[in-house]
Amino acid sequence: MKITIPHMGNVYIAVKILFDGLGIDYVIPPLNNKEALSLGSKYSPEEICLPLKLMIGNYIAGIKSGADTILLVGSCGPCRFGEYSELQLKILEYLEYNVDFIVIDAVKSIGMRELFNRIQIVGSESKKRFPGKINSVIRAYNAMCILDEIESQAHFKAGYEKNKGECKRLLNSCKSEVLSCNQPDKALKILKEYQKRIKNIAVDYSKNPIKVAIIGEIYTVIEPFTNLFIEDVLMDMSVSTKRNLTPSWWLKDMLLKIIKLNSMKLLKASNEFLPLYIGGHARECVGEAVLASREGFDGAIQIFPMGCMPEIVSKAILPTISREKKLPMLSLIVDEMTGEAGYMTRIEAFIDLLERRREHVFAGN
Ligand code: SF4
């Protein structure tokens, strides 16, 4: 068995550390790029949401490098994500690729026993003993949490850094260094070193930069290629950003959902405007917007793929939150036709608006 995965933000780094630790044969497809998008768009239904198309591009790249099994997480409530694996399997069958899917689905959809069965299929490929397997899983989980923390600190501190561009440089070198390391213990050590370095980066907290919350559909907020590297763009503009949705957040949320203790702060914040689950992370998006206003952010940028059902609902609610909580918002919808020039102009205009608004408020007008 040779496993491949679709890209979802920095997940590939934790997966690499996991598979290296378990000694499992795997292929990490090239990071999302135009080729993956064009292949995925060519073979997927036109109206399906962007993540599915890019994943098809990733699978084809993985299969061409010898992968025969696709490992995918599943289920996200009543939206298309729950059907992704079925549709993707059909597309790959149509293309005459003979691959197996292992879908790590939510417990409430498949039950605990079936979940363990599926995990066991992957685990049985490893020659490690049980304690060694558990150790590999814990190490990969720690790596995921540390990398999310490094990213989060880099994105927020970019507005305060004394040496312009240092946060971005540190983040990029962290990712490339850890990716080029095939020894899981060493990879974790590298991450811990970067965790210290980002904590100790030189900052000037008197700067008071524009602060923006990045909210919306999880795939498009965590996968930089789909959002045209918005966090990098904002770092270059010395804007501090924060986003709650990360791979480690998703994992904790999925596990805590079993005992109904997931994301309580976010969901409580969303109650006033959207008290019900409608699929995807619409409730989280609404909750994040409310929290951003409470935490003194200057604005929020919502990103979601064209046709994303849950986020269309949250987009309709955000203007009310914006009005009532006095938080400017920008919604960016992405698909394979998104033009970079128009997209960047909208981001620049929004940041410009936030700066002017602040001057206006400080001037007491
Ligand atoms: S949340 Fe939106 S983009 Fe993601 S699978 Fe569901 S409909 Fe598609």
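The values are calculated or read from the model by the stated rules, or taken from the named source; none is laboratory data. In this text the structure is predicted, and so the values were computed from the model without any measurement. With ideal geometry, Cβ positions are generated from the backbone for all residues, glycine too; neighbour counts draw on all protein chains shown. These area figures cover heavy atoms from the full protein model, side chains too; ligands, DNA and RNA do not enter into them. Shrake-Rupley method; radii C 1.70, N 1.55, O 1.52, S 1.80 Å.
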>> Can you compute 3J(HN,Hα) from phi for each residue in segment 228-241, using the Karplus curve 6.51 cos²θ - 1.76 cosθ + 1.60 with θ = phi - 60°, rounded to whole Hz and x for Gly and Pro?
In response: 6, 6, 4, 5, 5, 4, 5, 4, 4, 8, 6, 9, 8, 10
> In nanometres, what is the gap between the two model label sites at R197 and F229, each 7 Å from Cα along Cα-to-Cβ?
Replying inline: 1.9
> Looking at the chain from every direction and averaging, what is the projected area of its Cα convex hull in nm²?
Replying inline: 18.2
> Based on the Cβ-Cβ distance from E340 to I312, what FRET efficiency comes out when R0 is 41 Å, to the nearest 0.05?
Replying inline: 0.95
>> So, R0 is 22 Å and r is the distance between the beta-carbons of K207 and D352; what FRET efficiency does that work out to, to 0.05?
In response: 0.75
> At a Förster distance of 25 Å, what's the computed FRET efficiency of K108 paired with F130, Cβ-Cβ distance as r, to 0.05?
Replying inline: 0.40
> Going by accessible area, probe 1.4 Å, with all protein chains left in place, what is the ranking of F81, F116, largest first?
Replying inline: F116, F81
> Using alpha carbons only, how many degrees (0 to 90, rounded to 10) separate the axis of helix 166-179 from the longest principal axis of the chain?
Replying inline: 0
> Can you list the residues, at least 5 places off or on another chain, whose amide H is less than 5 Å from the amide H of F101, using H built in the peptide plane?
Replying inline: I70
> Restricting attention to segment 226-298, which GluC sites (Glu not before Pro) occupy a DSSP loop and are surrounded by at most 13 other Cβ atoms within 10 Å?
Replying inline: E295
> How far, in nm, would the chain grow between S173 and K189 when pulled straight, counting 0.36 nm per residue and subtracting the alpha carbon separation?
Replying inline: 4.3 nm
> Taking the Cα-to-Cβ direction at S38 and at N98 and moving 7 Å from each Cα, how far apart do the two end points lie in nm?
Replying inline: 3.0
>> Quick check for me: using +1 on Lys/Arg Cβ and -1 on Asp/Glu Cβ, what's the dipole size of segment 3-126 about its Cα centre, in debye to the nearest 20?
In response: 300
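Starting from the Cα-Cα distance between I119 and R294, subtract it from 0.36 nm times their residue separation and give me the gain in nm to one decimal.
Stretched fully, the I119-R294 segment lengthens by 59.0 nm.
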